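The values are calculated or read from the model by the stated rules, or taken from the named source; none is laboratory data. All figures in this text were calculated on a predicted structure; none of them were measured in a lab. Cβ coordinates were reconstructed from backbone atoms using ideal geometry, including for glycine residues, and neighbour counts include every protein chain displayed.
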Amino acid sequence: MMHDDLRTISMLDWLENDLLLAIGSCELASSDASFRRYFRIQTTDGHYIVMDAPPEKENIEPFIKVAQLLSRSFINVPTIFQQNSKDGFLLLEDFGSQCFYDQLNEDNAPEFYENAFKTLFKMHTCSALKNSDLPIYNEALLQRELGIFEDWFLNQLLDIEISSSQWNSVCSILVTSALEQPVACVHRDYHSRNLMLTNEDSPGVIDFQDAVVGPITYDLVSLLRDCYIAWPNGQVEQWMIDYYEKLLHAQVIDCSPTCFKRWFDLMGMQRHLKAIGIFSRLHLRDGKSNYLNDIPRTLGYVMTICENYPEFEDFGVFLRNQILPELNKCCPQLFQEGKFKEVINA
């Protein structure tokens, strides 16, 4: 039983005195890149997950709203049994502790990803989701996300600057590509750590509170070019084409495979630049330095796209000739541990 901070004491008071639950055990289940924490509790009625989202730092209303939207669209999200918006607590269905990331291997990947594609297809084809009042993934939001890379990674972590003309060119190309795509419901973190293995209707989808209406390729590239696990490029492209054909057959999109691949690649680049900035911010601001280990893989995705598209040639040179040496000075352990081996030798 955990009683180590005021938030935990307040949470247990709500569970025991307001909800009249008999708590047998309470253990930290996980914490994420935000200020939220999740506890697993055992009661006489079963086990549950409790979300702890401090109101001064997190707003649980979007989670509640999106959970309802996704559930009505037959997407497997945790049932919300009780809510305490004032104090920032939710009593949730427990999907267990095994996510895709924990169990993925070459043998089970086809089954796991096929299930993930089925759920993603529901999000992409449900008109109620696309026509909901979810926020729009507009130019301002796209630019703001790209700014996280420049601010936290370039300026604050590495203490270097990129020329405004070069950076504006990169941002303009990426934003234009994103905005010309058909739109759908976008989870924004649809990857192996947010897809839970469940006994029925797997995967269970979590961490969806930032959902928006935006580019059709966003969640697909989040899944296939995951910041936490990498697959051979040939396999990624085959999965991408298979899903493209599914969308085409359903008349969700009307574009060539070449066009779709460009959307996919550039959407991934935008997402990965943002992720690199977020990983840097988590290290510098929040003391969560383990996220630095995910920068090599994520930066490697970006550098590969730069090599494949001539319009990013100069940016690719900047990354290789200026970013990598500075990153080696700042975080030499990433290079010593061989995390940048494939990036450097590419």
Being charged (D, E, K, R), more than 28 Å from Phe74 (Cβ to Cβ) and assigned to a helix (DSSP H, G or I): is that true of Glu150 here? yes
Give the residues of the range 57-108 that are of a type in the set (A, V, I, L, M) and touching a helix residue (DSSP H, G or I) at 6+ places or on another chain (Cβ under 8 Å), sorted by residue number. Leu69, Leu70, Ile75, Val77, Ile80, Leu90, Leu91, Leu104
Flagged in the range 173-184 as in contact with a strand residue (DSSP E or B) (Cβ under 6 Å, 6 or more places away or on another chain) and buried (at least 21 other Cβ atoms within 10 Å of the Cβ), in numbering order, are Ala178, Gln181
Touching a residue at least 24 places away in the same chain (Cβ under 8 Å) and out of contact with any Phe, Trp or Tyr (no Cβ under 9 Å at 6 or more places or on another chain): which single residue out of Phe81, Phe95 fits that description? Phe95
Among the residues of the range 72-87, are any out of contact with any strand residue (DSSP E or B) (no Cβ under 6 Å at 6 or more places or on another chain), surrounded by fewer than 21 Cβ atoms within 10 Å (Cβ to Cβ), more than 24 Å from Asp133 (Cα to Cα) and among the hydrophobic types (A, V, I, L, M, F, W, C)? no
I'd like to check something: does the range 258-278 contain any residue that is over 26 Å from Tyr218 (Cβ atoms), part of a helix (DSSP H, G or I) and out of contact with any Asp or Glu (no Cβ under 6 Å at 6 or more places or on another chain)? no
Criterion violated by Glu106 - all others in (1) touching a residue at least 40 places away in the same chain (Cβ under 8 Å); (2) part of a loop (DSSP other than H, G, I, E, B); (3) over 30 Å from Cys26 (Cα atoms) satisfied: (1)
Qualifying positions in the range 221-254 - more than 15 Å from Ala109 (Cα to Cα) and among the hydrophobic types (A, V, I, L, M, F, W, C): Val221, Cys227, Ile241, Leu247, Leu248, Ala250, Val252, Ile253
When every residue in the range 334-346 that is out of contact with any Gly (no Cβ under 9 Å at 6 or more places or on another chain) and surrounded by 10 or more Cβ atoms within 10 Å (Cβ to Cβ) is compared, the one modelled with the lowest pLDDT is Ile344
Selected residue (only one of Asp87, Asp94, Asp107, Asp102 is under 17 Å from the mean Cα position of the chain (by Cα) and of a type outside the set (A, V, I, L, M, F, W, C)): Asp102
Under 15 Å from Gln209 (Cα atoms), modelled with pLDDT of 95 or more, outside the structural domain of Leu174 (by TED's automatic domain parsing) and not in a helix (DSSP H, G or I): is that true of Asn59 in this structure? no
Inside the range 88-112, can you point out the residues that are among the aliphatic types (A, V, I, L, M) and under 21 Å from Leu12 (Cβ atoms)? Leu90, Leu91, Leu92
Can you work out which of the residues in the range 9-49 that are of a type in the set (D, E, K, R) and surrounded by 16 or more Cβ atoms within 10 Å (Cβ to Cβ) is modelled with the lowest pLDDT? Arg36
